[in-house]
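Only one structure is covered here, and it is reproduced in the block below.
The values are calculated or read from the model by the stated rules, or taken from the named source; none is laboratory data. All values derive from a computational prediction rather than experimental measurement. Glycine also receives a Cβ, built like all others from the backbone with ideal geometry; neighbour counts cover every protein chain displayed.
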Amino acid sequence: MLTHPYAAFNQLEYDTTIRRCKTRPVKVGNVTIGGGHPVVVQSMINEDTLNIEGSVNAIRHLHEIGCEIVRVTVPSMAHAKALEGIKQELRQTYEDVPIVADVHHNGMKIALEVAKHIEKVRINPGLYVFEKPNSKRTEYTQSEFEEIGEKIGETLKPLIISLRDQGKAMRIGVNHGSLAERILFTYGDTPEGMVESALEFVRICEYLDFRNLVISMKASRVPVMIAAYRLISKRMNELGMDYPLHLGVTEAGDGEYGRIKSTAGIATLLADGIGDTIRVSLTESPEKEIPVCYSILQALGLRKTMVEYTACPSCGRTLFNLEKVLHQVREATKHLTGLDIAVMGCIVNGPGEMADADYGYVGKTPGYISLYRRREEIKKVPEDDGVEELISLIKADGLWVDP
C-alpha cells in the first residue's frame, strides 16, 4: 500500500518561527552581523567616492531611511584616500555610519589604504589577484593550481593582518559571473566552484588567525544563487565554520520583476534559516532598495519595522471599496511601528481571518464599519467615519503617535 507523502502531517507539530543558522558575530563599526543579531540591511551609494560632499550626503540619506551598512566603490588609490575625508565629514556633521568598500582588480595597495579608514573591506576572489585568461589553455595542473593559491596567500596576507590587528572585517564576495579561470577549469561555472573559491580565501584568513569574515555567493540567476548559498552553508557546517552570510541576487534589474527576483532568492534562503545580512540590488536609485529589504524581513517575521496590513482580495461579498479604504487606512497609520491592522470587506473573511490582528476594520452591514480590537468587536460606525474612528480607537489604547 502506497503512503501519501503528506499522510503524517497531522501527527507533527509545526513551529512557524524561522530558526536561523548559528553564526559567529562579526562587528562592522557599531553594527553586528550574525551571532543571533537581527538581519542587517545594506545598500550601496552610486556617487563617485572622489566627491566627498556628494558621498556623505548619499550615505547619510541611506542611513536615515534604514540602511545600516553602506557600501562604496574604490576603483583607484585616489578613491581610497577620499574615504578618510568621507568618514571625517560623517563624524562631524552626522554620525559614524559603518562603511564597506569594494576592492577589485589587483587592488592590494588600494585595499591596504582602504583598511585604514573604514570598517570593512569587500574583495572578490575572482578579481582580487586578477590574471588575464589564456585562450590556449586546456587545463590547470595541480601544481599550477597550488602555485597560484600560494601567490594569492602572499598577496592577501598584508590586508588580513591589517584588518585583524585593527579589529575590522572582510567580506569575501564571490560572484558567479567573475570566477577565476583556474576555478572554472577545475569546477566549472557551478555553485561548487563558487563555494570552493570562497573557502580558499577563508582558509588563508584562518591560517593567519583572522575570522572577522562575512561571505557572499551572489548570482544573477536565482536558482544558482540559492544552490550556492545552501552549499556554502552545508560545507561550513561540515568544516566547523560559522561565518555569517550576506545574501543578494546580483544585477536583479529594476521594477516589479527586479523586486520579485530579489525576493525569490533572498526570502527562500532566509526561510531556510540562512542569511545574516541582505542587499537588494536594483537598477534604480539606492533608496528604492531599502523598503524591499524591510518588506522581505517583515513578511518572514524576522524584523518588524512597519505596520503589518492584512486585507482580503475583494469579491462580490465586499461591502465597500476595499482598495480605496485600504489606501486610506494605510496612509493614516503607516507611521505606526509594530501594529497589525486588518481591513476586511465582509463578515466571511473578518473577523476569523484577522484573528491575529491588533485592530480590524470590517464591513458587516451596508453603509457601516465594525471596528475590532483583536477578536472583540468594539463599535459599529458609519462607513464615512471608519478611518477616523479607527484612529480614535488606537489613540484610546495609548498606541498612537503623531506622524
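Taking the criterion of being closer than 30 Å to GLN88 by Cβ and at pLDDT 90 or above, the residues of the range 114-154 that qualify are VAL114, ALA115, LYS116, HIS117, ILE118, GLU119, LYS120, VAL121, ARG122, ILE123, ASN124. Report the residue count in the range 250-269 for those that are farther than 19 Å from TYR229 by Cα and among the basic types (Lys, Arg). So the count comes out to 1.
The one condition from (1) crowded, with 20+ Cβ neighbours inside 10 Å; (2) out of contact with any Leu (no Cβ under 7 Å at 6 or more places or on another chain); (3) not in a loop (DSSP other than H, G, I, E, B) that CYS67 does not meet is (3). Scanning the range 131-168 for residues that are more than 20 Å from VAL121 (Cα to Cα) and without any contact (Cβ under 8 Å) to a residue 12 or more places away in the chain gives LYS132, SER135, LYS136, THR138, THR141, GLN142, SER143, GLU146, GLU147, GLU150.
Is it the case that some residue within the range 268-287 is surrounded by fewer than 16 Cβ atoms within 10 Å (Cβ to Cβ), without any contact (Cβ under 8 Å) to a residue 12 or more places away in the chain and within 30 Å of PRO133 (Cα to Cα)? For the range 268-287, residues surrounded by fewer than 16 Cβ atoms within 10 Å (Cβ to Cβ), without any contact (Cβ under 8 Å) to a residue 12 or more places away in the chain and within 30 Å of PRO133 (Cα to Cα): absent. Checking GLU119, GLU139, GLU147 one by one, the residue that is of a type in the set (Asp, Glu), under 23 Å from CYS205 (Cα atoms) and more than 28 Å from the chain's Cα centre (by Cα) is GLU147 and no other. Looking only at residues in the range 126-184 that are among the charged types (D, E, K, R), within 20 Å of ALA101 (Cα to Cα) and in contact with a helix residue (DSSP H, G or I) (Cβ under 9 Å, 6 or more places away or on another chain), the one that is surrounded by the most Cβ atoms within 10 Å (Cβ to Cβ) is LYS168. Number of residues in the range 85-100 that are farther than 16 Å from GLY54 by Cβ and surrounded by 15 or more Cβ atoms within 10 Å (Cβ to Cβ): the value is 2. Residue count for the range 263-314 under the criterion of being of a type in the set (Val, Ile, Thr) and outside any helix (DSSP H, G or I): the result is 8. Being aliphatic (A, V, I, L, M) and more than 25 Å from ASP165 (Cα to Cα) holds for only one residue in ILE215, ILE278, ILE204, and it is ILE278.
On the basis of being under 27 Å from the mean Cα position of the chain (by Cα), part of a strand (DSSP E or B) and small (Gly, Ala, Ser), does ALA101 make the cut? Spell out the reasoning first.
Values: under 27 Å from the mean Cα position of the chain (by Cα): yes; part of a strand (DSSP E or B): yes; small (Gly, Ala, Ser): yes.
Spelling it out, ALA101 is indeed under 27 Å from the mean Cα position of the chain (by Cα), part of a strand (DSSP E or B) and small (Gly, Ala, Ser).
Tell me, yes or no, whether the range 267-275 has at least one residue that is modelled with pLDDT of 95 or more and within 21 Å of GLY126 (Cβ to Cβ). No; the residues of the range 267-275 include none that is modelled with pLDDT of 95 or more and within 21 Å of GLY126 (Cβ to Cβ). Scanning the range 233-262 for residues that are touching a helix residue (DSSP H, G or I) at 6+ places or on another chain (Cβ under 8 Å) and assigned to a helix (DSSP H, G or I), we see that the one that is surrounded by the fewest Cβ atoms within 10 Å (Cβ to Cβ) is LEU239.
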